[in-house]
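All of the numbers you see were taken from the coordinates with simple rules; none came from a lab. Please read these numbers as outputs of a predicted model, since none were measured by experiment. All Cβ positions, glycine included, derive from the backbone under ideal geometry; neighbour counts span all protein chains shown.
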Amino acid sequence: MAFCSCRPRFGAKTRLREPEMTQRLDKLQAALETALGDKIKAFKRELGEITLTVTAADYLAVARTLRDDASLKFEQLIDLCGIDYSSWKDRPWDSPRYCAVSHLLSVSLNWRVRLSVFAPDDDLPVLDSLTGLWSSANWFEREAFDMLGMIFDGHVDLRRILTDYGFIGHPMRKDFPVSGHVEMRYDAEKKRVIYQPVSIEPREITPRIIREDHYGGLH
């Protein structure tokens, strides 16, 4: 999973008052619904932010509309991250497991939107690449591929970006062990760095909390 700051920031120089923000969000919502229509599968407006969810089949077309439509003009992709929902809120999850979330900014119109899409196949999560629309998606999609194993069709250089060259697996998947599978160390005899099976023993790292009777006046 990647990380991002999603606080609403509609102007660098002045902070919009609540009525002004509401009017701006009303205008953005109307423009989105007009431009995208039934391609919007879920619409969420909360905490001064708008999140759209679309299908994988419509993902690229929706992204292009968000960029090119004169009423939207999202010229910049400021972040893209992958999410593994398999243990969301520690509850069973019966929907598609992998999701890509993009944060888009319109410099011209001074507003933002969040675009969410789920990969339909959990075994081979494939989505269209956004690199042809926003070049900034390049490294973000590589990170989602490296950390979660998400494939972005059309990406010209989809290779690992954070892990080592010979790394096996995707460390941000919820079923990937915290200690990993292999470790590396310097071997004095071979005079080089070697890989070997991980030697860390699984252990409980949650501290045990013991309180006295009636602690803090509780009965």
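Computed quantities for the displayed model
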read-out	value
Sequence ranges 171-183, 59-71, 37-49, ranked by mean other-Cβ count within 10 angstrom, highest first	59-71, 171-183, 37-49
All Cα pairs of the range 51-130, percent lying beyond 14 Å	62
Residues with amide H under 5 Å from that of A56, placed H, sequence gap 5 or more	F118
Rg/Rg_globular for the range 20-82, with Rg_globular taken as 2.2 N^0.38 Å and Rg from C-alpha atoms	1.10
HN-Hα J in Hz across the range 20-29 - Karplus 6.51, -1.76, 1.60, θ = phi - 60°, x for Gly and Pro	5, 5, 4, 5, 5, 5, 4, 5, 5, 4
Distance between modelled label sites at W88 and V178, nm, 7 Å Cα→Cβ extension	2.4
Kirkwood Rh in Å, taken over the range 56-182 so that all alpha-carbon pairs contribute	15.4
Relative packing of peptides 184-190, 99-105, 147-153 - highest average C-beta neighbours within 10 Å first	99-105, 147-153, 184-190
The range 107-165 - Rg over Rh from alpha carbon coordinates, Kirkwood radius	1.02
R0 of 41 Å, Cβ-Cβ distance V156-I194: FRET efficiency to nearest 0.05	0.75
Unit charges on C-beta of K, R, D, E only; dipole of the range 26-153, Debye	460
Debye log10 I(q)/I(0) for the range 146-193, one point scatterer per Cα, at q = 0.15, 0.22, 0.24 Å⁻¹	-0.54, -0.87, -0.95
The range 14-167 - share of DSSP beta bridges that are antiparallel (%, nearest 5)	75
